[in-house]
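J.: Encoded as structure tokens, here's the structure I'll be asking about.
Bear in mind that the values in this text are calculations on the coordinates, not laboratory data. Only a predicted model underlies this, so the values are computations on that prediction, with no experimental measurement involved. Cβ: placed from backbone, ideal geometry, glycine included. Neighbour counts: every protein chain shown.
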Amino acid sequence: MAEPAEHAPRILIVDDEQANVRVLTRFLASEGYHDVLATTDSRLAFPLFDTESPDLVLLDLHMPHLSGMAVLEAIRNTASRDSYVPVLVLTADPTPEAKKQALALGAHDFLTKPFDFFEARCRIRNLLHARRLHVQLSARADDLDAKVRARTAELERTHLDMLERLTTLAAYRDEDTGQHTRRVADVAAAIARRLGLPPDEVDLIRRAAPLHDLGKVAVSDAILRKPGRLTAEEMEEIRTHTTVGAAVLGSGASPVMRMAEAIALSHHERWDGAGYPHGLRGDEIPLAARIVAAADVFDALSSDRPYRAAWQPDVIVAELRRQRGTQFDPAVIDALLDVVAASGTPAGDGDPHLPADG
């Protein structure tokens, strides 16, 4: 009798002789296999295999319309690499060539007609047992893979949460409310959406943008909170926040961490090549960094800072237009101006040491 399994095995019989199908069906039923499909038209063999997902195929070789060899080849060419559906060839052709060709095309076992029922019972049982083990191992592998992905995502979330907390700390050192990074993220996402980027990329930019100034945790308070203009030496120190932030974020393997690294490193590059740290120009600058650069400066000019008052909205718009094609990507500025026009209000507080021309 058939061995117990999680589900009753499904067996597909492909044989052009109706008498053979009846004999096999009765034999299988006597062995406890009742979920049996059969066709005498070999042209239906692969469609049935594809739609009914059998656990075992009993296949004749010499049939009109489509030979068993052709059926084997169709199964082999479309089955995924990790699938395992055994095929037992039952044929009246006893030649070694037929056996070798069938096995080469993917048959898992071979019996010649008339076959011994005891031998057939053992072959079928063994093939179904192998099939059952494969299904169980695949399920365990999928479960393990899901657990690994979940654990990896959890670790990534923890890492990202820690970095976001550091970013918030840096923001509190740099300005009064600690909301700059979040506003920049919202504006950057709005720009990305206006540019027509896919929703998943918009979400990545929203999640990565708050980390753009992470490297400022390595800059002294005396510089971050200086009420006046920075000296050349002080400006050099604050510029290191791009490379420091990228170095910290470079340990992440997820898409959001890779995007955050690119943004942190390049959000002070300029469209005309006069930015830092590497003097990238135009499309050499990652798009996400170009978007965050515009959102960052827009938010900076929209707020009161220790060394200046917030700019009026019309003045900010005029400055953004003036820097279109020099400091900023023209397409990004056009999208930002559309966002501003739609909202009617500037974003708010921003970076105290990043005027629109630097």
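J.: Please work out which option in (i) 5, 20, 20, 8, 7, 11, 13, 11, 5, 1; (ii) 5, 22, 30, 24, 13, 5, 1, 0; (iii) 5, 23, 32, 27, 11, 1, 0 gives P(r) over Cα pairs in 10 Å bins from 0, in percent calculated from these coordinates, and answer with its label.
T.: It is the value labelled (i).
J.: Where does helix 330-343 land angle-wise versus the long Cα axis of the chain, in degrees 0 to 90, nearest 10?
T.: 80 degrees
J.: Scanning the chain for trypsin sites (Lys or Arg not before Pro) in DSSP loops with at most 16 other Cβ atoms within 10 Å, what's the longest stretch left with none?
T.: 82-224
J.: Still on this model: Does anyone have the angle between helix 255-266 and the longest principal axis of the chain? Alpha-carbon axes, 0 to 90°, nearest 10?
T.: The answer is roughly 30 degrees.
J.: Summing Lys, Arg as +1 and Asp, Glu as -1, what charge do residues with Cβ under 12 Å from the Cβ of Val89 carry, Val89 excluded?
T.: Values: positive: Lys99, Lys100, Lys113, Arg123; negative: Asp15, Asp60, Asp93, Asp109.
In short, 0.
J.: Taking springs between alpha-carbon atoms closer than 10 angstrom, which of Ile291, Ile11, Ile205 fluctuates most in the Gaussian network model of the chain?
T.: Ile11
J.: So, one more: With the Cα gyration tensor of segment 175-343 giving a ≥ b ≥ c as the square roots of its eigenvalues, does the rule (a/c under 1.5 for rounded; else a/b larger than b/c for prolate; else oblate) give rounded, prolate or oblate?
T.: Since a/c stays below 1.5, the shape of segment 175-343 is classed as rounded.
J.: Just to confirm the number: angle between the C-alpha axis of helix 313-322 and the first principal axis of the chain, 0 to 90 degrees, nearest 10?
T.: On a 0 to 90 degree scale, this one is about 70.
J.: Counting only helical runs of four or more DSSP H residues, what would the 222 nm mean residue ellipticity of the chain come to if each run contributes -39,500 (n - 2.57) and the total is spread over all its residues?
T.: Estimated from H runs of four or more residues: -18000 deg cm²/dmol.
J.: Work out from phi, with θ = phi - 60° and the Karplus expression 6.51 cos²θ - 1.76 cosθ + 1.60, the ³J(HN,Hα) of each residue of segment 48-63, listed in order in whole Hz, and give x for Gly and Pro.
T.: 5, 4, 6, 8, 9, 6, x, 8, 7, 10, 9, 10, 7, 9, 9, 9
J.: A further question follows. Specify the inter-centroid distance of segment 223-277 and segment 293-333, based on alpha-carbon positions, in whole Å.
T.: Distance between centres, Cα-based: 18 Å.
J.: Provide the descending list of Cα extents for segment 10-144 along its principal axes, expressed in whole angstroms.
T.: Sorted from largest, the Cα extents of segment 10-144 read 45, 33, 27 Å.
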